[in-house]
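Heads up, the thing below is written out as structure tokens.
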Amino acid sequence: MKFVEKQAPDETLDLVCRMCPMHLLEPGDKIKCMKKGQILEVLTDYDGALDDIPAWCEKCGHEFIGMEEEDDCYKLYIRKAK
Amino acid sequence: MQIVYMDHAASTPVRREVLEEMLPFFQERFGNPSAIYDIGIDIKGVIEDQREKVANLIGAEAKEIVFTSSGAEANNLAVKGAVLANRKKGNHIIVSTIEHHSVLNAARFFERMMDYEVTFLPVNNYGLVDPQRLAELVREETVLVSIMHGNNEIGTIEPISGLAAICRDKGVLFHTDAVATVGNIPVNVKDLNVDMLSLTGPPLGAPKGIGALYFRSNTRLMPLIHGGIQEMGRRGGTENVPGIVGLGKAAELTLNELPEKTKHVKNLKDRLVSGIMDRIEEITYTGHPENRLPGHASFCIAAIEGEALLLMLNQAGIYANTGSACASKALKISPVLVAIGVPAEIAQGSIVFTLDRDNTAPEVDYILEKLPAVVERLRSFSPLWKKNI
Amino acid sequence: MYSEKVMDHFMNPRNVGTLEDADGIGEVGNPVCGDMMTFYIKVRDDKIDDIKFNTFGCAAAIAVSSMVSEMAKGKTLKDARAITKDSVAAALEGLPKQKMHCSNLGAEALTKAIENYEKKNSA
């Protein structure tokens, strides 16, 4: 896993307390409304997201930038590629 | 015999337009909204349309609405959901002393089971919360403040926007139980400045068994019902499609008709209140005289008891309610009336009339004719009434 | 919720009122807890010759008072004292469980009135 710091996201999705598969469905909807090159920040407390989100990015062709660990959640960063 | 129903806070009839809108969704359009074939996807779209209508009524966005089974569930989701989602922030909850049991007992649940501290914010004689007092009580560990918008027992409307602003400044989530107000007065979540707001179907002419919670975007909520992706994962379980359609239709009708309804019920209520105050001695009009629900009239009548009063009115075809809880079987005296400082023996004689669009002036006059005689008769039995002492 | 008998005695209670020259007065309950009953009795030849009551309380409390007054009227003091919450409830064709305390209050108020009479006449 790639760790990053001080990202400046264009949009944030707070998915803390939300269960699988919302950690994939919501970013999918959200990123459709964003522009190429913009960064989406996903907040989640679901461990499975650490595998799923990078895999999902690869499948959809978006860039997975990395993650930062917070006290109460993970922050995952995705750059819209197309 | 004439029948006069003035207990609309307890239940209302479903509006005909609402029922007609709902009916197809019991049989012809029965598909599961989560299904991927046409008759499912179609229903999913119907649900999203209703979400939009409910959001419109309260000035919210559709994605900020989650449908629930009732106002009580919406209150539970707000209190438990927000407190559980923010458990790392702290362990302090503030609620007013006159909240509905679904808020009070949800807060007490954390107090009893999980080592939380709950502060019960007192109210004055009109039932109003003091903003200054709230500001003093909010602290670092406070995770949630929940104060109701309108009280169904005394009719008082709380100054929510000011209370919510105090919490916003301090970074504390604010929830309001608007079950008594949405459908009876204009309610706008932006004006009220709240993070969460509960509403229910019946005051709008929708059926029982459907309610909703508004939550500001990105408010963290732990689901109470874990399940699938229904309600965006915030509430599992196949959706109550007919109920949701009913709530959507009722919200749409309410948006258009609310000013007219409010004026109508307020006129009738004013006539009822002044008529009762003129005809019955030793009676107290409870709650705030102006800042109150337009169709809500509540009184405490000295030297008689509420349940006896209701039953005798029932014999005259008049259906009302009482806060004196002999009728509710739980407690002798209403905690709300105690909270506003009504002496216990006076609180026994509580009676509440809640009016709606279908009530009429002749119905009010019928009550004005019957109620004084019933009161006089019960007082003639009472050892507390001055003429018997 | 209530039997027809309870509703009848609630809507048309028998023997409501006070007796100015009562031989015994019994008062139970208080308005804060919810029910209050005052019984007035006239005694002649060891029998309850006349009885009146005032009651503040729910429908059950009023019906119980009425029934107690009817049951006691004409009875000897000894027989009147034998009226219990169960016999009153039975005469009313049953009371909801949470209202049984009303029944108790009725029997208690009558007993107090009799004791008050006996105390006055034992001197």
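The values are calculated or read from the model by the stated rules, or taken from the named source; none is laboratory data. Fair warning: this is a prediction, and the values are worked out from it, not measured in the lab. Don't worry about glycine lacking a Cβ; one is built from the backbone with ideal geometry, like all the others, and counts go over all protein chains shown.
Is it the case that region B:361-371 has a residue that's farther than 27 Å from residue B:13 by Cα, buried (at least 20 other Cβ atoms within 10 Å of the Cβ) and out of contact with any Pro (no Cβ under 7 Å at 6 or more places or on another chain)? Before you say what the answer is, go through the steps one by one.
Residues of region B:361-371 that are farther than 27 Å from residue B:13 by Cα, as a first pass: none.
Within region B:361-371, not a single residue is farther than 27 Å from residue B:13 by Cα, buried (at least 20 other Cβ atoms within 10 Å of the Cβ) and out of contact with any Pro (no Cβ under 7 Å at 6 or more places or on another chain).
What tally of residues in region A:41-82 results from selecting those that are more than 21 Å from residue B:85 (Cβ to Cβ) and assigned to a strand (DSSP E or B)?
7
Please work out which residue is surrounded by the fewest Cβ atoms within 10 Å (Cβ to Cβ), limiting yourself to region B:71-115 and to residues that are among the aliphatic types (A, V, I, L, M) and within 14 Å of another protein chain (Cβ to nearest Cβ).
Just the residues of region B:71-115 that are among the aliphatic types (A, V, I, L, M), to begin with: B:72, B:74, B:77-79, B:82-85, B:93-95, B:98, B:103-104, B:106-107, B:113-114.
So of that shortlist, the ones also within 14 Å of another protein chain (Cβ to nearest Cβ) come out as B:77-78, B:82-85.
Details: B:77: 27, B:78: 32, B:82: 24, B:83: 26, B:84: 17, B:85: 23.
It comes out as B:84.
For region C:20-36, how many residues are outside any loop (DSSP other than H, G, I, E, B) and touching a Phe, Trp or Tyr at 6+ places or on another chain (Cβ under 6 Å)?
Result for region C:20-36: 4.
Per-residue answers, yes or no, for (1) of a type in the set (A, V, I, L, M); (2) surrounded by 17 or more Cβ atoms within 10 Å (Cβ to Cβ); (3) touching a residue at least 12 places away in the same chain (Cβ under 8 Å):
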site: B:295; (1), (2), (3): no, yes, yes
site: B:314; (1), (2), (3): no, no, no
site: B:338; (1), (2), (3): yes, no, no
site: B:351; (1), (2), (3): yes, yes, yes
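For the subset of region B:143-170 comprising residues that are hydroxyl-bearing (Ser, Thr, Tyr) and crowded, with 22+ Cβ neighbours inside 10 Å, which member is farthest from residue B:347 (Cα to Cα)? Don't jump to the end; show me each part of the working.
At the first step, the residues of region B:143-170 found to be hydroxyl-bearing (Ser, Thr, Tyr) are B:146, B:156, B:161.
Applying the additional criterion that residues be crowded, with 22+ Cβ neighbours inside 10 Å yields B:146, B:156.
Numbers: B:146: 25, B:156: 17 Å.
Looking at residues that are hydroxyl-bearing (Ser, Thr, Tyr) and crowded, with 22+ Cβ neighbours inside 10 Å, I get B:146.
Among residues belonging to region A:2-52 that are more than 10 Å from the chain's Cα centre (by Cα) and either on the phi > 0 side of the Ramachandran plot or among the polar types (S, T, N, Q) (or both), point out the one that is surrounded by the most Cβ atoms within 10 Å (Cβ to Cβ).
Among them, the one singled out is A:17.
Show the residue pairs that are 6+ apart or on different chains and have beta-carbon atoms under 9 Å apart, the first residue being within region B:122-135 and farther than 12 Å from residue B:291 by Cβ, the second being of a type in the set (Lys, Arg).
As it stands, the answer is B:122/B:133; B:135/B:170, since those pairs meet every condition given.
Here are B:32, B:56, B:91: which of them is in contact (Cβ under 8 Å) with a residue 24 or more places away in the chain, under 30 Å from residue B:135 (Cα atoms) and not assigned by TED's automatic domain parsing to the domain that holds residue B:338? Break it down stepwise before answering.
Working: B:32 fails: under 30 Å from residue B:135 (Cα atoms); B:56 fails: under 30 Å from residue B:135 (Cα atoms).
Just one listed residue meets the conditions, B:91.
Residues are listed down the side, and each one gets a yes or a no for (1) touching a helix residue (DSSP H, G or I) at 6+ places or on another chain (Cβ under 9 Å); (2) within 14 Å of chain C (Cβ to nearest Cβ); (3) assigned to a loop (DSSP other than H, G, I, E, B):
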site: B:300; (1), (2), (3): yes, yes, no
site: B:337; (1), (2), (3): yes, yes, no
site: B:341; (1), (2), (3): no, no, yes
site: B:345; (1), (2), (3): no, yes, no
site: B:357; (1), (2), (3): yes, no, yes
site: B:365; (1), (2), (3): yes, no, no
site: B:375; (1), (2), (3): yes, yes, no
site: B:379; (1), (2), (3): yes, yes, no
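Taking residue B:290 and the conditions (1) within 13 Å of chain C (Cβ to nearest Cβ); (2) over 30 Å from residue B:16 (Cα atoms), which numbered condition does it fall short on, given that it satisfies the others?
Every listed condition holds for residue B:290 apart from (1).
Could you count how many residues in region B:173-219 are within 14 Å of another protein chain (Cβ to nearest Cβ), modelled with pLDDT of 95 or more and assigned to a loop (DSSP other than H, G, I, E, B)?
2
Say we look at region B:220-236 and pick out the residues that are in a loop (DSSP other than H, G, I, E, B) and more than 10 Å from chain A (Cβ to nearest Cβ); which of these is surrounded by the most Cβ atoms within 10 Å (Cβ to Cβ)?
At the first step, the residues of region B:220-236 found to be in a loop (DSSP other than H, G, I, E, B) are B:220-229, B:234-236.
Restricting the remaining residues to those that are more than 10 Å from chain A (Cβ to nearest Cβ) gives B:224-225, B:235.
On the way: B:224: 17, B:225: 14, B:235: 23.
My answer is B:235.
Check C:62, C:41 and return the single one that is in a strand (DSSP E or B) and either in contact with a strand residue (DSSP E or B) (Cβ under 7 Å, 6 or more places away or on another chain) or crowded, with 16+ Cβ neighbours inside 10 Å (or both).
Details: C:62 fails: in a strand (DSSP E or B).
Step by step, each of C:62, C:41 is checked, and only C:41 is in a strand (DSSP E or B) and either in contact with a strand residue (DSSP E or B) (Cβ under 7 Å, 6 or more places away or on another chain) or crowded, with 16+ Cβ neighbours inside 10 Å (or both).
Filter region C:1-37 down to the residues that are of a type in the set (S, T, N, Q) and either more than 11 Å from chain B (Cβ to nearest Cβ) or surrounded by fewer than 17 Cβ atoms within 10 Å (Cβ to Cβ) (or both) and list them by number. Give the steps one after another, and end with the answer.
Step one: filter region C:1-37 for residues of a type in the set (S, T, N, Q), giving C:3, C:12, C:15, C:18, C:30.
Listed by number, the residues that qualify are C:3, C:12, C:18, C:30.
Among the residues that make up region C:85-99, is at least one of them buried (at least 19 other Cβ atoms within 10 Å of the Cβ), out of contact with any Lys or Arg (no Cβ under 8 Å at 6 or more places or on another chain), farther than 22 Å from residue B:389 by Cα and within 12 Å of another protein chain (Cβ to nearest Cβ)? So that I can check it myself, show each step before the final result.
So in region C:85-99, the residues buried (at least 19 other Cβ atoms within 10 Å of the Cβ) come out as C:85, C:88-89, C:92, C:95, C:99.
Narrowing further to those that are out of contact with any Lys or Arg (no Cβ under 8 Å at 6 or more places or on another chain): C:85, C:88-89, C:95, C:99.
Going one step further and asking which of them are farther than 22 Å from residue B:389 by Cα, we end up with C:85, C:88-89, C:95, C:99.
Of the ones still in play, those that are also within 12 Å of another protein chain (Cβ to nearest Cβ) are C:99.
Within region C:85-99 (the criterion being buried (at least 19 other Cβ atoms within 10 Å of the Cβ), out of contact with any Lys or Arg (no Cβ under 8 Å at 6 or more places or on another chain), farther than 22 Å from residue B:389 by Cα and within 12 Å of another protein chain (Cβ to nearest Cβ)), the answer is yes, since at least one residue qualifies.
Anything in region C:44-59 that is away from every other protein chain (no Cβ under 14 Å), assigned to a loop (DSSP other than H, G, I, E, B) and either hydrophobic (A, V, I, L, M, F, W, C) or closer than 22 Å to residue B:311 by Cα (or both)? List them, or say none. Reasoning before the result, please.
Residues of region C:44-59 that are away from every other protein chain (no Cβ under 14 Å), as a first pass: C:44-51.
Then keep just the ones that are assigned to a loop (DSSP other than H, G, I, E, B); that gives C:45-46.
Once the filter is applied, which keeps residues that are away from every other protein chain (no Cβ under 14 Å), assigned to a loop (DSSP other than H, G, I, E, B) and either hydrophobic (A, V, I, L, M, F, W, C) or closer than 22 Å to residue B:311 by Cα (or both), region C:44-59 yields nothing.
Restricting attention to region B:33-55, does a residue exist that is within 27 Å of the chain's Cα centre (by Cα) and in a loop (DSSP other than H, G, I, E, B)?
Let us first name the residues in region B:33-55 that are within 27 Å of the chain's Cα centre (by Cα), namely B:46-55.
From what is left, the residues that are in a loop (DSSP other than H, G, I, E, B) are none.
No, region B:33-55 has no match at all.
Got a number for residues in region B:62-88 being in contact (Cβ under 8 Å) with a residue 60 or more places away in the chain and among the basic types (Lys, Arg)? Steps first, answer last, please.
We begin by selecting, within region B:62-88, every residue in contact (Cβ under 8 Å) with a residue 60 or more places away in the chain; these are B:63-86.
Still in the running and among the basic types (Lys, Arg): B:63, B:80.
Looking only at that region, the number is 2.
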